[in-house]
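Structure first, commentary second.
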Amino acid sequence: MKSICRQERMALNGDEAVAYAVKQSDVDVVAAYPITPQTIIVEKFSEYVANGEVQTEFVCTESEHSALAACLAASATGARTFTASASAGLALMHEMLFVTSGCRAPVVMAIANRALSAPLNIHGDHSDGMAQRDSGWIQMYAENAQEVYDSIIQAFRIAEDLNVLLPVMVGLDGFTLSHTLENVEALTDDAVRQFVGTRQLPNVLTHEGKAVPFRLDPENPMTIGPIALQNYYFEFKRQQEEAMKKAFAVIQKVNEEYAAVSGRSYGNGLVDAYCLEDAKIAVVCIGSTAGTMKTVVDELRQEGIKAGLLRIRTFRPLPVEEIRRGLENVKAVAVMDKSMSFGGNGGAVFHEVRHVLYDAEAHPPVVNYIYGLGGRDSSPKELRAIYEDLQRILQTQRVKNPIQYLGLRE
Amino acid sequence: MTEEWKFTTKDIAEKPDLFLSGHRACAGCVPATVLRLIMKATRGPTIVTEATGCMEVASSIYPYTSWAVPWLHTAFETAAANASGIEAALKIMKKKGKVKQEHVDVIAIAGDGGTYDIGIQALSGAVERGHDFLFVLYDNEAYMNTGIQRSGGTPHGAATTTSPAGTVIQGKLEYKKPIAEIMVAHEMPYVATASPYYWRDLLAKVRKGLEVDGPAFLHVFAPCPRGWRSDPAKSIEYSKLAVETCVFPLWESINGQCQLSTPSKLVALAPQKKKPVTDYLQGQGRFRHLFKPQNTKLLEEVQSRADERWQRLLKKCQTA
Amino acid sequence: MTSEKSWREIAPAGVCSKSSTDFLTGDWKTFTPVRDLEKCTRCLLCVLFCPDGAIHWKPEKADIEFDYSFCKGCGICANECPTKAITMKLEKE
């Protein structure tokens, strides 16, 4: 039985926590382009590089598109790679996100979730991450700086797992997490190094008829990223889906293993259920807002109200079982979305939770609360109002207006 | 200073091809010849990364590959970005003892699109960062793979599918972007132009580019009989005429010092031997409209522009 | 054409499983190059210029060999041959 390792309490903001985790994870190549609110990640990392504190090739590419291309190519060469972006930068990477997952490159990326233009907005919301949910990347969202730190380290293990081999993006709310100082318990360098290990490569059969490690190596030439016509493309995509399926078990396993070393775990790694066992009303939420919501739940519980919270930590692959089980006995559900899907009758998380509930035994009423776009803050009072709405819905078992906008000036 | 690479025709002919037969390029495709020759000039462990385009598609139709070296394709814009990532990975992995080769050459290959236009950002960035790699542009003067659309490398007057010779506008109005000169302006160690007819010169330049410690850029003229609507059999001949008419002069810039290569030097020394551009333009369907009687002026424009660029180049090469 | 594999059987990331030398492009040609052995000086230009690498120099035979299974009949070899030793003949099926 491994014992929990000695940890150092550090005062770090979310971005610094990312940089520190990357520093400890024996990353070979970091290719990145700065964008608010991720800039502290690259700046901090540059300091480590300039002070000789990391053995990493740091490439300041001329755009995010090239950053991800460089990471992908480095990964294909066998390197452990990392990058970070947000908002427009992530959007600019859009094409390459699909190529990266298609090439099965275990790139890890931190996204300081920020609103997409137009109009320009540098503050936190989930529109950047949500717009990429079809890209074949594993997507995880953190609640606080501690989880950001822990998740980056876990991400390398998840991505590189031979049953997965998919890139992973870890989201941290722009400014709320990226720029806010929190206490972070950091593992020792040795503990992290031991946890992430060395990158293992699967063997693949090449055109030379040899089964060799999957990387660009003059000793064992292989062709990566060919054109696959109508007769083969579909099969490659199915392979990616299989990898997503396998990721459920890997994410849970990594969460457990990490708990043994750090003393911390995040639900089962996929979802974080808070006071859900006997909850009559519950909110589904992603990211840092969940932290505030937990405080609201505590308050309500004090008042004898059976409120609960389901935080989705891993959004891709979508933890269908955990969401269904979590909401099994809940009689009124509110789903919070920090992004919009224009013309889509609600936000992304709302869609996905409703589709999960379609196959459930019970069909509780579900209301969508779109909130916090462009970094608009929601006070605990406003957030509590969601539960108050749920209490009304609980009574009537009807949702008058399924799509609500929290804090919007009508 | 590395010793000059000496080779005989037999040496090259006997060296096994690393760009293999069985690719799906058109009959008479000179980019394919160019790629074969480039690979003959490699000197050891090599990794190639390519942008989307004719040569990429023709050589990698799953499950078949024409590449006997490690090869990566990711997207259209990314040849130079890929090369940056590969080079960075090799560098650090070597330091960490994860790569057994003493040195691996990295070659990025792209056509017009992947170099002049959609690929120029990544190219410029990679060169500015000083990565050790060779970038080869196989220039067939249009986006051939997607159906012969005009590119920044399409010459003035050429008819393409997005700059057709119509009744009001006759072919591309704009001029060929001086990409090699743009790369020289990056103050990079080595820039050269080459043409496959002059295969010795081409091979020597590839090898020089690989030997340079830092970025090198090679602009190779590569006729496309399909897109140019010319006789496939004459494709290599056009690569000779382009040089003889000074439409595509051959030169090198070594640390900013420009010098003409022998085939173009011969023209400079004996200007009476310089052939008129019409020798090169005729027989190419993409220039056929220039030979209409009402288009004499257009033809003259092509000649005078070629002459201007040639004179400018001569001046540059004189101040050595 | 190969028998196509299921998604479980193929390598990830499109790693190609066959060399293109298994794909014979020789049936593309309409014209076929024919070499006059007397006129040929073994200058090897055809070997170098062939886009398909379908002409080989065989040192053990001290002679050139055409690989018609890949030759697409483009005629570059015939056009470039300094002694006009190669002529393109119409293929008869």
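The values are calculated or read from the model by the stated rules, or taken from the named source; none is laboratory data. Please read all numbers here as calculations on a predicted model, not as lab measurements. Quick reminder, even Gly has a Cβ in these numbers, built from the backbone with ideal geometry, and neighbours come from all protein chains shown.
The set of residues in segment C:25-55 being at the interface with another protein chain (Cβ under 7 Å from one of its Cβ atoms), of a type in the set (A, V, I, L, M) and surrounded by fewer than 21 Cβ atoms within 10 Å (Cβ to Cβ) consists of C:LEU44 alone.
The number of residues in segment B:292-313 being over 12 Å from B:THR278 (Cα atoms) and touching a residue at least 12 places away in the same chain (Cβ under 8 Å) comes to 6. Among the residues of segment A:385-403, those that are in a loop (DSSP other than H, G, I, E, B) and either in contact with a strand residue (DSSP E or B) (Cβ under 6 Å, 6 or more places away or on another chain) or at negative phi (or both) comprise A:ARG398, A:VAL399, A:LYS400, A:ASN401, A:PRO402.
The residues in segment A:19-62 that are within 22 Å of A:GLU147 (Cβ to Cβ) and either at pLDDT below 95 or in a strand (DSSP E or B) (or both) can be counted, and the count is 2. Taking the stated definitions as given, is A:HIS179 farther than 25 Å from A:ALA69 by Cα and touching a strand residue (DSSP E or B) at 6+ places or on another chain (Cβ under 6 Å)? Against the criterion (farther than 25 Å from A:ALA69 by Cα and touching a strand residue (DSSP E or B) at 6+ places or on another chain (Cβ under 6 Å)), A:HIS179 qualifies. For segment B:8-18, the set of residues classified as within 7 Å of chain C (Cβ to nearest Cβ) and either part of a loop (DSSP other than H, G, I, E, B) or under 23 Å from B:CYS54 (Cβ atoms) (or both) consists of B:ASP17 only. Counting only strands (runs of 3 or more DSSP E) that sit wholly inside segment B:39-141, those with at least 1 residues that are in contact with a Leu (Cβ under 8 Å, 6 or more places away or on another chain) and within 7 Å of another protein chain (Cβ to nearest Cβ) are B:46-50, B:71-73. Out of B:GLY171, B:GLY209, which single residue is closer than 27 Å to B:LYS91 by Cβ and buried (at least 17 other Cβ atoms within 10 Å of the Cβ)? That would be B:GLY209, the only listed residue that is closer than 27 Å to B:LYS91 by Cβ and buried (at least 17 other Cβ atoms within 10 Å of the Cβ). Is at least one residue of segment A:141-155 within 14 Å of chain B (Cβ to nearest Cβ) and in contact with a strand residue (DSSP E or B) (Cβ under 9 Å, 6 or more places away or on another chain)? Within segment A:141-155, not a single residue is within 14 Å of chain B (Cβ to nearest Cβ) and in contact with a strand residue (DSSP E or B) (Cβ under 9 Å, 6 or more places away or on another chain). C:TRP7 falls short of the stated requirement of being more than 18 Å from B:ALA27 (Cβ to Cβ) and either facing chain B (nearest Cβ under 7 Å) or in contact with a Ser or Thr (Cβ under 7 Å, 6 or more places away or on another chain) (or both). Taken over segment B:158-188, the residue count meeting the criterion of being assigned to a strand (DSSP E or B) and either over 21 Å from B:CYS224 (Cα atoms) or of a type outside the set (Ser, Thr, Tyr) (or both) is 2. Please verify whether A:GLY78 is of a type outside the set (D, E, K, R) and either under 21 Å from A:SER178 (Cβ atoms) or crowded, with 24+ Cβ neighbours inside 10 Å (or both), treating the condition exactly as stated. In short, no.
Among the residues of segment A:217-275, those identified as buried (at least 22 other Cβ atoms within 10 Å of the Cβ) and within 14 Å of chain B (Cβ to nearest Cβ) are A:PRO221, A:MET222, A:THR223, A:ILE224, A:GLY225, A:PRO226. Considering every residue within segment A:367-384, establish whether at least one is touching a strand residue (DSSP E or B) at 6+ places or on another chain (Cβ under 9 Å), surrounded by 17 or more Cβ atoms within 10 Å (Cβ to Cβ), hydrophobic (A, V, I, L, M, F, W, C) and more than 24 Å from A:HIS123 (Cα to Cα). There is at least one residue in segment A:367-384 that is touching a strand residue (DSSP E or B) at 6+ places or on another chain (Cβ under 9 Å), surrounded by 17 or more Cβ atoms within 10 Å (Cβ to Cβ), hydrophobic (A, V, I, L, M, F, W, C) and more than 24 Å from A:HIS123 (Cα to Cα).
Residues in segment B:275-300 that are surrounded by fewer than 17 Cβ atoms within 10 Å (Cβ to Cβ) and under 22 Å from B:ALA180 (Cβ atoms): B:LYS275 alone.
If you check B:ALA32 against the conditions, is it modelled with pLDDT of 95 or more, assigned to a loop (DSSP other than H, G, I, E, B), within 12 Å of chain C (Cβ to nearest Cβ) and buried (at least 22 other Cβ atoms within 10 Å of the Cβ)?
no
Is at least one residue of segment A:217-230 of a type in the set (Ser, Thr, Tyr) and in a strand (DSSP E or B)? Taking every residue of segment A:217-230 in turn, at least one turns out to be of a type in the set (Ser, Thr, Tyr) and in a strand (DSSP E or B). Applying the selection to segment A:87-100, what residues are at negative phi and surrounded by 24 or more Cβ atoms within 10 Å (Cβ to Cβ)? Once the filter is applied, which keeps residues that are at negative phi and surrounded by 24 or more Cβ atoms within 10 Å (Cβ to Cβ), segment A:87-100 yields A:GLY89, A:LEU90, A:MET93, A:MET96, A:THR100.
Got a number for residues in segment B:24-67 being aromatic (Phe, Trp, Tyr) and touching a residue at least 24 places away in the same chain (Cβ under 8 Å)? Residues in segment B:24-67 being aromatic (Phe, Trp, Tyr) and touching a residue at least 24 places away in the same chain (Cβ under 8 Å): 2 in total.
Step by step: first the residues of segment B:233-246, then only those that are among the β-branched types (Val, Ile, Thr) and out of contact with any Leu (no Cβ under 8 Å at 6 or more places or on another chain), then the one that is farthest from the other protein chains (Cβ to nearest Cβ). Which residue is that?
Let us first name the residues in segment B:233-246 that are among the β-branched types (Val, Ile, Thr), namely B:236, B:243, B:245.
From the residues that got through so far, the ones that are out of contact with any Leu (no Cβ under 8 Å at 6 or more places or on another chain) too are B:236, B:245.
Working: B:ILE236: 5, B:THR245: 18 Å.
Once the filter is applied, the top-ranked residue is B:THR245.
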